[in-house]
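A short worksheet on the structure shown next.
The values are calculated or read from the model by the stated rules, or taken from the named source; none is laboratory data. In this text, all values refer to a predicted model and were calculated from it rather than measured experimentally. As a convention, Cβ positions derive from the backbone with ideal geometry for all residues, glycine included, and neighbour counts pool all protein chains shown. Just the protein is used for accessible areas: all its heavy atoms, side chains included, with ligands, DNA and RNA removed. Shrake-Rupley method; radii C 1.70, N 1.55, O 1.52, S 1.80 Å.
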Amino acid sequence: MYFSIIIPVYNRPEEIKELLDSLVVSTYTKDYEVVIVEDGSTVSCKEVVQNYVDRLYISYYFKPNSGPGDSRNFGMQKAKGDYCIIFDSDCIIPANYLSEVERGLTADYMDCFGGPDKALKSFSNIQKAINFAMTSFLTTGGIRGGSEKIDKFQPRSFNMGISKKAFEASKGFGNIHPGEDPDLTIRLWKLGFKTRLFPTAFVYHKRRIDWDKFSLQVAKFGKARPILNYWHPQYSKITYWFPTLFVLGLIASVLVLFFLFDWTYNDWPLKLYVLYFLVIFIVSSIQNRNPIIGLLSIVAVWKQFVNYGFGFLTSFFKIFVLRQKPEKAFPQLFFKVSQPNLNEKGEIIFAKDNEPSLIQKAHKKSIESVTTPIQKIVETIPTKSKIIGLTGGIGSGKTTVAHYIQSLGIPVYISDLEAKKVMESPQILSKIQTAFNDSIVTDNKLNRDKLAAVVFNQPDKLKELNAIVHPAVKIHFENWIQQHKNEPILIKEAAILFESGSYKDCDAIIAVVAPLETRIQRVITRDATTREKIMQRINNQLSDDDRIARSQYLITNTTLEDTKNQVNKIIQLLKNM
């Protein structure tokens with residue numbers, strides 16, 4: 001299992017530094033990647049990230065501001081792992097965290113899990129008090145007040161894991177914030193996926209250190225919950241009303257006490273509230289070994305209940321009484337992003353099954369073979385290059401088409417040629433030598449004929465070779481894209497574009513075809529081989545009919561001049577796309 005850690009960030013480079021510092025000292029011995037997604041920040045963390053490329057396998061992406069949910073989706077689309085772990089930027093990760101996650105997934109695999117949070121000794125007293133309010137069993141915090149079962153847990157996005165399979169099925173987070181994490185969990189349940197709490201996979205979560213920001217945050221939590229109840233009524237709970245009823249009860253207790261003027265029999269409700277806050281003080285003081293934090297915890301719990309409670313009540317009134325649409329009632333809770341779309345109820349509209357997926361699939365188990373990660377840092381820009389795939393069977397003339405496109409000044413990535421370069425790198429040579437035998441590599445040079453003889457009739461060996469080479473080639477291709485990121489069109493030429501799954505990286509596909517006899521004669525002339533061997537290779541490849549059906553553009557390559565005219569027309573169409 002290969003983990004991809006996804007971290008969205010907005011104007012918090014100092015938090016990213018602390019988080020990456022904690023990952024550097026991780027005791028986890030297997031490879032993993034870190035994907036930083038800068039969500040349109042005006043204070044960039046790119047320079048901070050740059051300092052870690054020699055210690056972590058890390059990627060950095062900059063995109064326009066569209067909210068944390070959409071940024072997590074963006075990161076998971078870019079991720080190479082088969083399991084994504086999501087952190088907030090204000091988290092510090094224990095050294096054994098990934099080992100605990102792997103242990104939990106091995107013992108009881110879940111397509112989505114969540115972990116708790118704790119406070120570090122270095123946190124300020126206010127941070128510790130807020131942490132107590134957000135995590136204690138005495139409040140709505142903890143494993144959310146103990147109201148959620150371990151095997152029916154709603155993971156929170158500051159410490160959450162989700163498989164690529166579950167992400168692709170659910171289309172990821174919606175555009176509400178906060179509330180995007182329980183919304184995703186419920187949608188996963190509806191799709192048949194299970195979630196679970198991993199109690200030992202905790203993070204240190206700083207949260208807010210300013211009372212006003214904390215008040216605003218929990219008020220938004222309160223406003224989001226009735227919207228989630230509106231979207232998913234079968235998962236609403238009476239316990240969600242607790243903060244509102246708590247605050248209204250306190251107000252009623254005070255009013256009864258002062259308007260009835262009989263303190264002998266009417267002050268007991270108020271005494272219960274005093275007792276409750278006394279318990280908060282005692283438990284927090286003992287837990288944090290500091291009575292000052294105990295006092296501050298009373299303030300934190302009060303702000304949590306009041307702001308969440310009135311936020312919940314306001315939202316309930318607008319959504320269920322006034323019948324306002326959520327995005328109209330609380331536009332500040334919704335980021336404007338292209339995906340996902342919302343219907344009139346604010347529910348997420350998913351793409352139809354026959355529509356192309358926007359999600360890039362990971363290399364899954366194959367990427368585990370990359371034991372010495374190649375460090376890189378990538379920056380995306382709002383106007384990205386169009387990636388156009390170019391494919392065709394043996395003898396179709398796709399390489400001729402690729403060279404002509406190059407002559408037009410358009411960069412072309414010829415996959416076979418570049419893959420050969422990657423395979424000659426010391427890291428990959430060492431892996432091939434270990435996986436096969438010493439005779440495959442002699443004097444640091446690959447014996448391609450011997451390697452071909454081994455993998456040609458042994459599918460398992462071919463799969464093993466691809467598991468070594470394909471992830472490294474993908475990284476090489478991504479770096480090539482960044483070298484040409486100012487070009488409007490980039491071409492990726494690959495014979496197995498569809499078979500390898502790399503067509504998902506492309507905005508459109510051009511298929512090159514030619515009559516069968518023409519293809520055979522071209523290869524005989526080029527390779528001095530036999531007709532039987534050529535037909536064997538053709539029969540092992542995807543058919544032209546399949547390529548045509550899955551491509552957006554077609555070139556029939558019979559004569560050079562006609563082919564050039566077809567290419568020119570397609571390039572013009574692509575420029576106007």
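Filtering the stretch 513-532 to residues that are open to solvent by less than 90 Å² (accessible area, probe 1.4 Å), of a type outside the set (D, E, K, R) and part of a helix (DSSP H, G or I) leaves Leu516, Thr518, Ile520, Val523, Ile524.
If you go through the stretch 86-123 and keep only what is in a loop (DSSP other than H, G, I, E, B) and open to solvent by 50 Å² or more (accessible area, probe 1.4 Å), you end up with Asn96, Asp108, Tyr109, Lys121, Ser122. For the stretch 42-54, which positions are free of Cβ contacts under 8 Å to residues at least 60 places away in the same chain, open to solvent by 10 Å² or more (accessible area, probe 1.4 Å) and part of a loop (DSSP other than H, G, I, E, B)? Hits for the stretch 42-54 are Thr42, Val43, Ser44, Asn51.
Is it true that Ser122 is in contact with a Lys or Arg (Cβ under 7 Å, 6 or more places away or on another chain) and of a type in the set (Ser, Thr, Tyr)?
Values: in contact with a Lys or Arg (Cβ under 7 Å, 6 or more places away or on another chain): no; of a type in the set (Ser, Thr, Tyr): yes.
The answer is no for Ser122.
There is no residue in the stretch 420-427 that is modelled with pLDDT of 85 or more, closer than 19 Å to Cys506 by Cβ and either exposed (fewer than 14 other Cβ atoms within 10 Å of the Cβ) or among the hydrophobic types (A, V, I, L, M, F, W, C) (or both). Residues that are exposed (fewer than 12 other Cβ atoms within 10 Å of the Cβ), at pLDDT below 95, over 40 Å from the mean Cα position of the chain (by Cα) and more than 29 Å from Ala224 (Cβ to Cβ): does the stretch 244-252 have at least one? The answer is no, given that none of the residues of the stretch 244-252 is exposed (fewer than 12 other Cβ atoms within 10 Å of the Cβ), at pLDDT below 95, over 40 Å from the mean Cα position of the chain (by Cα) and more than 29 Å from Ala224 (Cβ to Cβ).
Report yes if some residue within the stretch 78-85 is buried (at least 18 other Cβ atoms within 10 Å of the Cβ), of a type in the set (D, E, K, R) and touching a helix residue (DSSP H, G or I) at 6+ places or on another chain (Cβ under 7 Å); otherwise report no. Checking the stretch 78-85: at least one residue is buried (at least 18 other Cβ atoms within 10 Å of the Cβ), of a type in the set (D, E, K, R) and touching a helix residue (DSSP H, G or I) at 6+ places or on another chain (Cβ under 7 Å).
Condition check ((1) under 20 Å from Lys80 (Cβ atoms); (2) touching a strand residue (DSSP E or B) at 6+ places or on another chain (Cβ under 6 Å)) across all residues:
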residue: Leu465; (1), (2): yes, no
residue: Ile481; (1), (2): yes, no
residue: Lys485; (1), (2): yes, no
residue: Ala495; (1), (2): no, no
residue: Tyr503; (1), (2): yes, yes
residue: Ala508; (1), (2): no, yes
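Filtering the stretch 548-572 to residues that are within 16 Å of Lys386 (Cβ to Cβ) and either part of a loop (DSSP other than H, G, I, E, B) or open to solvent by less than 80 Å² (accessible area, probe 1.4 Å) (or both) leaves Ser551, Gln552, Tyr553, Val567, Ile570, Ile571.
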